[in-house]
1. Testing the spin-label approximation: label points 7 Å from Cα along Cα→Cβ at residue 247 and residue 229. State their distance in nm.
2. Going by average Cβ density within 10 Å per residue, which order do the peptides 226-237, 39-50 take, highest to lowest?
3. With 23 Å as the limit, write out which pairs from 24/163; 10/172; 172/248; 40/208; 170/248 have Cα-Cα distances beyond it, or answer none.
4. Please turn the phi angles of the range 119-129 into ³J(HN,Hα) values with the Karplus equation 6.51 cos²θ - 1.76 cosθ + 1.60 (θ = phi - 60°), one per residue in order, whole Hz, x for glycine and proline.
5. What are the residues whose amide H is under 5 Å from the amide H of residue 11, where those residues sit 5 or more places off or on another chain and H is modelled from the backbone?
6. What is the diffusion coefficient of the range 45-90 in µm²/s, taking the Kirkwood radius over Cα pairs and the Stokes-Einstein relation at 20 °C with a viscosity of 1.002 mPa s?
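Every number in this text was worked out from the coordinates using simple rules, so none of it is lab data. Just so it is clear, the structure is predicted and the values come from calculations on it, not from any experiment. Neighbour counts run over all protein chains shown; Cβ positions are idealised from the backbone, glycine included.
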Amino acid sequence: WRERVLAQVKQIIAVASGKGGVGKSTTAVNLALALQAEGKKVGLLDADIYGPSVAMMLGVPESTRPDSPDGRSFIPVPAHRLETMSMAYLVSDKTPMAWRGPMAGGALQQLLEQTHWGELDILVVDMPPGTGDIQLTLAQKAAVAGAVIVTTPQDIALLDARKGIEMFAKVKIPVLGIVENMSHFLCTDCGARHDIFGHGGAAAEAEKLGVPFLGEVPLEMAIRATSDDGTPIVASQPESPHAAHYQKI
């Protein structure tokens with residue numbers, strides 16, 4: 001029955017980053033919503049077992065628990081018309097996941113294979129940062145169509161993004177491209193552009209590695225604020241220039 005569950009999912013796309021703090025989850029949530037806006041039936045799996053944040057970004061109340069028709073499988077939690085599943089639905093946000101890697105990998109496998117996703121065009125998987133057990137579990141247990149790498153323009157972030165790309169190459173998952181998040185800041189008072197973390201690094205890295213550069217998302221107060229209050233920018237302000245970045249990507 002597990003094979004039947006994933007058989008209903010046409011494409012699985014992993015959103016990944018080499019390091020934390022680059023806005024990967026914000027990117028994953030808004031990309032899922034942008035794909036949905038194009039008429040796709042989209043699911044979103046929060047695979048960050050240690051630090052799940054997708055539920056908060058989608059405004060799902062903390063006490064939400066998924067229905068389980070048979071005591072071993074889950075019905076996804078609807079949020080902004082996305083079908084979602086997360087470790088946050090199964091534990092309290094005050095419970096640190098003090099697990100070794102294989103335990104976290106096993107938890108991901110359960111969330112992936114024991115959720116009744118239904119007919120989905122795309123399942124977006126918000127990956128934890130890094131290149132560890134959870135990434136390898138996903139590669140082994142699911143036919144991933146491709147990975148999107150999120151980075152900032154900083155050299156150290158690009159170094160880690162390169163490691164992520166190399167990892168996906170080793171497990172034969174195509175890299176769909178690189179997104180440069182927090183690319184620049186536009187001053188609301190004077191209109192000047194400030195390249196706080198540098199500029200052009202992700203585009204240059206993509207060209208060097210032979211993968212597509214999908215686009216850049218600026219450092220915007222509105223994107224941060226809507227993520228924090230559970231109303232992602234693509235859902236709450238779909239006509240805004242901020243949402244247009246994700247729609248373009």
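1. 2.1 nm
2. The peptides rank, most packed first, as 39-50, 226-237.
3. 172/248; 40/208; 170/248
4. For the range 119-129, the Karplus curve yields 6, 10, 6, 9, 10, 8, 10, 7, 7, x, x Hz.
5. Correct list: 122, 123.
6. The estimated diffusion coefficient comes to 198 µm²/s.
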